[in-house]
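Trainee: Here it is: the structure, laid out below.
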Amino acid sequence: MAQPTIRTLVSASPRPLRAIIIDDSREYMVMLRRMLAETLPDIEVTEYDPDQQGKPGPNFDWSAYDVLLLDHNLGGHENGLDWLVEFQAAGPLPPTILMTAQGNDYLAARAIKLGAADYVRKQDVTTWRIGRMVRELVVDDAVTAEIDCDQTLCEERARPPHLDILEELIARHPPRPSGPGASIGYRFVRLIGQGASSRVYLAERTSDDNTLVLKVIDLAHVRDVHIVERFIREAEIVAAISSPYVVRFYDFGLTPSYGFIAMEFFTRGDLKQRIERGITRDDAVNYVRHIALGLQAIHARGIVHRDLKPGNIMFRADDSLALADFGIARRLDEASDLTNAGSVLGTPNYLSPEQALGQVVDHRADLYAVGVMLYEMLTGRKPFRAESASALVFQHVHAERPILPAEFADLQPLLDRLLAVDPAARFASAGELVSALERSVACHAA
């Protein structure tokens, strides 16, 4: 796996680890102390109650502690991040883990910007996780230096066995200049996703502190060169598209040790979360229209997404949506699909019949996935359900097309075309779908 920080595991320091917890809940501090003691038996924990003891003053001896666990919400109008800034101004602090009962990735990014070493939501705290966080901050850092993806050091790692093929790929995508202190220009905030060969991080661009998403592939452990080629193709595809309805591309880089893609960070989650909460008819139709506009932009470039699903429809702070995750997208004019012949790529619930059968697909496969999502947005459930992937594939190909509830009957003809088994019976293009949606909206309003 690609590591923003290279660490060496060592035995603990001769003296016990010393932690201080600042939290307005005495019960939570007791629970946290017990969790830490289970995984770090030599740890000494000081519980600091701000309600009883007030704010630590400028002469507070922080050097007595190896790690600070600081609550974000300290009761009343007190804020842990404000305290963190004030403590740092007075002198060096031990590595700080910010804890919060209510939080999101924005708060995580802000905490790291203000000097926290790590961030965790209280509901995510487990004995194993909090012990690991403290160990990584205190035990590991006692004898190692952090690097911000320094290319010189990264390239000293084990080289992949197919280096000759990789070098050919890298020759087409020259790496960043390397040398002492060279960096790809990003600070890693936290891991937010992981796949079979890549990891996705919330990160910050060091040049302007812009928050973004960094997808990193570890080339030292990839054995299938097609995985690398698909990673490069994803970067090339996203970089080629300029549309408000498609994820924004920022940057791409490749070295013999790792590759990365920098893309837009979405603050308001994905369509899957909205479906779980319930979506109105008007919003569902509007979302489908915007998804179709995104498809129109990528199809115009000869690209098929092939993995459209609610989890890949993302929302920005202004509530606009964008298509994301082009990991298995392909260009229609490519001679090679970079997959095994007859293999099935995609998510079973949203596969078109031709995808399910392992046949060659075109842009109409994406329109089928839009139909599945439209039904799901309107009803809150998927149109086809089964206990196994093979049974689900069978339904996509052979089952009767789903019927919408009576209140959405006017949308049934549109859904039938989107979910047609025969691609030729679907809309001919995303633009045609947009036109049909606009007519449907006008008729419904009348």
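Bear in mind that the values in this text are calculations on the coordinates, not laboratory data. What you see is a predicted model, and the numbers here were worked out from it, not measured in a lab. So basically every Cβ, Gly included, is an ideal-geometry build from the backbone, and we count neighbours across all protein chains shown.
Trainee: When the expected Rg is taken as 2.2 N^0.38 Å, what fraction or multiple of it is the alpha-carbon Rg of segment 199-288?
Mentor: Normalised Cα radius of gyration, segment 199-288: 1.33.
Trainee: I've got another one for you. Expected output is a single nm value to one decimal: the length gained when fully extending between ALA425 and ALA317, i.e. 0.36 nm times separation in residues minus the C-alpha distance. What is it?
Mentor: Net length gain for the segment: 35.2 nm.
Trainee: Let me ask something additional. Using Cβ counts within 10 Å as a stand-in for footprinting exposure, how do THR96, THR267, THR211 rank, fewest first?
Mentor: THR267, THR211, THR96
Trainee: Return an integer: the convex hull volume of the alpha-carbon atoms of segment 18-142, in Å³ per residue.
Mentor: Hull volume normalised by residue count: 102 Å³.
Trainee: Taking a threshold of 26 Å on the Cα-Cα distance, which of the pairs LYS215/LYS272; LYS122/LYS382; LYS113/LYS272 fall above it?
Mentor: With Cα atoms farther than 26 Å apart: LYS122/LYS382; LYS113/LYS272.
Trainee: Same structure, new question: Which order do ARG301, ARG274 fall in if you start with the one that has the fewest other Cβ atoms within 10 Å?
Mentor: Exposure proxy ranking, most exposed first: ARG301, ARG274.
Trainee: Efficiency by 1/(1 + (r/R0)^6): what FRET value for TRP62 and GLN194, r their Cβ-Cβ distance, R0 = 22 Å, to the nearest 0.05?
Mentor: The pair TRP62/GLN194 has a calculated efficiency of 0.05.
Trainee: How much length, in nm to one decimal, is gained on full extension between VAL360 and ALA389, taken as 0.36 nm per residue of separation minus their Cα-Cα distance?
Mentor: 8.5 nm
Trainee: If you take the Cα Rg of segment 271-445 and divide it by 2.2 N^0.38 Å, with N the number of residues, what do you get?
Mentor: Working it through for segment 271-445, the quotient is 0.98.
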